[in-house]
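Please treat every number below as a calculation from the coordinates, not as lab data. The structure displayed is predicted, hence computed values, not measured ones. No Cβ is skipped: glycine too gets one built from the backbone with ideal geometry, and neighbour counts run over all protein chains shown.
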Amino acid sequence: MLSRIVELRAEVLRAEAEKAATKAAADERRRHFADFESRARPMLERVAAGDVVTDGDVRRARLLEAQLRDGIRAPGWDRPELRKAVWDARGNGTEIVLLDDGGLDDLPVGERIVRHERITQAVIDELDRGCDRITARIMPPGRTELATVVVERDGITERLDFDHAGGVDPEAGETSGGSGVSG
């Protein structure tokens, strides 16, 4: 009877943690949407009014479009610190592709948070170092790798494979040229 009570208590705690994580994610998405709307609305209103659109307006619209696309096809990457790093890097000409195929979704909440923070920080670090192109993908469930980050910098392509333990695959490394690295 005592072990059953302990099991039930653990189940309740897991359910509460999952509920809190889901609520936090929904709150963050609402904040992100409000932020996005506050930046996009003035531009949309200017276009609708027939105002002149400058080259700077076009660049900003492209950044906003890319950010919106990221939120749709890569919700697992939607974190404030990464959004800012991606915005800044795109503004400096870095080509960025973010993909989320759901591989983090099946992990227990605590493990998911730790793994996600590690992978997100690796992407931010690569963007801070500067690169020509970066593709960050959270893999589908059931894959050996949890996530991959492919970075192209000065003609060198490097692939970082993150395993389920949160580490980087030591066999991943640099290859010359922009081909031969798959995701």
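Relative to the compact-globule estimate of 2.2 N^0.38 Å, the Cα radius of gyration of region 2-176 comes out at 1.23. I want the antiparallel fraction of DSSP beta bridges within the chain, as a percent rounded to 5. Of the beta bridges lying entirely in the chain, close to 75 percent run antiparallel. With contributions of -39500 (n - 2.57) from each DSSP H run of at least four residues, the per-residue ellipticity at 222 nm computed over the chain stands at -19000 deg cm²/dmol. Note: relative contact order over region 2-176, using C-alpha pairs below 8 Å and six or more positions apart, is 14 percent.
Among 81, 111, 45, the largest mean-square fluctuation in a Gaussian network model of the chain (Cα springs under 10 Å) belongs to 45. Using the Cβ of residue 130 as centre and a radius below 12 Å, the other residues enclosed give a net charge of -4, where K and R count +1 and D and E count -1.
Axis angle, to the nearest 10 degrees, between helix 2-48 and the longest C-alpha principal axis of the chain: 10 degrees.
The spacing between region 115-143 and region 21-81, judged by their C-alpha centroids, is 21 Å.
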